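The values are calculated or read from the model by the stated rules, or taken from the named source; none is laboratory data. What you are looking at is a predicted structure, and each value in this text was computed from that prediction instead of being measured. Cβ coordinates were reconstructed from backbone atoms using ideal geometry, including for glycine residues, and neighbour counts include every protein chain displayed.
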Amino acid sequence: MEPAATNLAITVSGTPTAFSHLLLKAGVAPSDTSYDFIALADVRPTQSILEAPEFLMTNYVASVRTPTGFAEHSFTVNCTERM
């Protein structure tokens, strides 16, 4: 992120019947039980917006999971800095 950025939006694409949850963890891969941030609303697109002081200026690892009972699907993860 640029020093002037005020937040970071991370979005996972999806459709009404095929969507995923987004998990983030600082420094290491997140798991279903160990994460720093999770976006698990059953909507599309799924999004996390990180703002200071909740997040650290560090490397985050993202994981995307599809909820049980929903079809596998292709998705795109987008990261957008906001100033």
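Inside the stretch 28-83, residues that are in a loop (DSSP other than H, G, I, E, B) and modelled with pLDDT of 85 or more make up a count of 9. Pairs linking a residue in the stretch 11-32 that is charged (D, E, K, R) to a residue that is not in a strand (DSSP E or B), with Cβ atoms under 9 Å and 6 or more positions apart or on different chains, are LYS25/SER31; LYS25/SER34; LYS25/TYR35; LYS25/ASP36.
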